[in-house]
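Laboratory data are not the source of any read-out in this text; all were calculated from the coordinates shown. Keep in mind that this is a model prediction, so the values were computed, not measured. For neighbour counting, all protein chains shown are included, and Cβ atoms are generated from backbone atoms with ideal geometry for every residue, glycine included.
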């Protein structure tokens with residue numbers, strides 16, 4: 001009878017600590033010992049009976065593999081693309097889709113305690129040695145061009161010498177930025193978010209100096225053309241020094257471009273400009289004495305215009321980095337994907353803000369979790385997501401805001417002021433205060449005076 005009685009009894013329902021629903025059974029938490037210790041809260045809250053599903057990627061690996069193989073084996077004819085324009089558009093679509101699938105596979109491998117990739121903008125010993133070598137070579141070329149100018153006073157040689165002087169000054173700036181880009185523990189108090197922007201500031205100053213020098217040389221050459229100044233005769237010594245400069249700069253351009261660091265790439269761009277400007281300068285210097293008197297001054301103008309346009313574009317690019325330009329859509333999409341499938345308790349990704357500060361990005365993520373889970377659980381989810389996002393390449397710093405409701409509004413004062421919501425809120429508050437004051441006045445007036 002007792003056994004029969006026990007089978008007829010319905011089991012008592014238990015309240016789930018996460019969703020607050022009645023359930024006859026709670027399942028154990030499937031996680032490692034480290035995660036259980038990090039999620040422990042009060043004694044009344046037992047994580048061993050917490051119901052939680054394993055965090056699977058939004059797109060299973062099998063689906064990614066099948067889609068990648070299908071895209072790789074497909075051809076435009078199979079999907080009905082026969083025109084060249086449609087074929088290019090379809091090929092572009094499939095290429096971007098396959099790239100995103102590969103990127104999702106890489107993002108699935110990112111963990112909050114995984115390998116930390118080294119900072120690509122921090123100058124290593126090899127990069128610092130390369131900047132010092134560039135400084136030394138530019139100094140030697142400056143001396144050589146000064147000797148060439150002593151044998152023949154030419155506007156083309158003057159512009160080339162000024163370019164070398166500016167290269168020396170710019171090399172000093174870049175060498176100093178490379179030496180100070182190393183981030184150590186002692187720098188935490190002075191530079192809490194790192195020093196990766198040192199190279200950007202140095203390159204911006206470099207670009208402004210190059211542009212100003214080019215403008216000055218253009219003015220001098222225009223004045224010489226207006227005065228019909230005759231070009232001096234070309235000398236063998238000056239032409240030999242210019243030819244040697246071209247060969248050295250060409251070698252440095254190839255070597256520094258292969259290094260691939262932002263600082264060496266900027267130096268490689270400068271060496272490439274020097275190859276073109278010195279080659280054109282050598283021709284115009286020779287043509288000034290052999291072909292026409294105007295070629296020397298015209299060569300100086302052409303060289304300076306090339307340098308001016310190149311470094312103005314470089315200055316604009318680096319200025320945008322420091323202004324905090326918005327990240328491209330690919331970066332936003334990757335951050336949204338990582339946040340959405342980071343943990344099953346994340347109900348929604350409310351907002352992703354990513355902007356460029358220097359060569360890398362800062363990001364702010366707003367996620368939504370259930371409002372009745374313990375504070376320590378919500379904190380652990382947000383902190384683990386922060387550590388995971390900061391391990392994504394090109395992401396330097398991440399902030400995670402944990403919310404329990406979705407309202408799709410930017411909660412920063414700057415956005416509220418720009419959108420006019422701050423003023424409307426002030427008007428509502430003032431109207432509410434005036435209405436409250438009027439009601440108090442009416443109440444006082446209705447009270448009879450004894």
> For residue 169 and residue 390, what is the calculated FRET efficiency with R₀ set at 41 Å and r taken between the beta-carbons, to the nearest 0.05?
Replying inline: 0.65
> Want the number for residue 340 to residue 320: 0.36 nm per residue separation, take away the alpha-carbon distance, what's left?
Replying inline: 4.2 nm
> Going highest first, how would you order 397-405, 333-341 by mean Cβ packing within 10 Å?
Replying inline: 333-341, 397-405
> Could you give the nm distance between label points at residue 258 and residue 95, where each point is 7 Å from its Cα heading toward the beta carbon?
Replying inline: 2.7 nm
> Which order, highest average first, do 370-376, 199-205, 318-324 follow once you tally other Cβ atoms within 10 Å for each residue and take the mean per peptide?
Replying inline: 199-205, 318-324, 370-376
>> Quick check: from the Cα gyration tensor, does region 274-321 come out rounded (a/c under 1.5), prolate or oblate?
In response: prolate
> Say R0 is 45 Å: what FRET efficiency, to the nearest 0.05, do residue 219 and residue 376 get from their beta-carbon distance?
Replying inline: 0.10
> Quick one: if you stick a label point 7 Å off each Cα along the C-beta vector at residue 147 and residue 208, how many nm between them?
Replying inline: 3.6 nm
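Using the beta-carbon distance between residue 226 and residue 312 and R0 = 22 Å, what value does 1/(1 + (r/R0)^6) give for FRET efficiency, to the nearest 0.05?
Taking R0 as 22 Å, the efficiency between residue 226 and residue 312 is 0.30.
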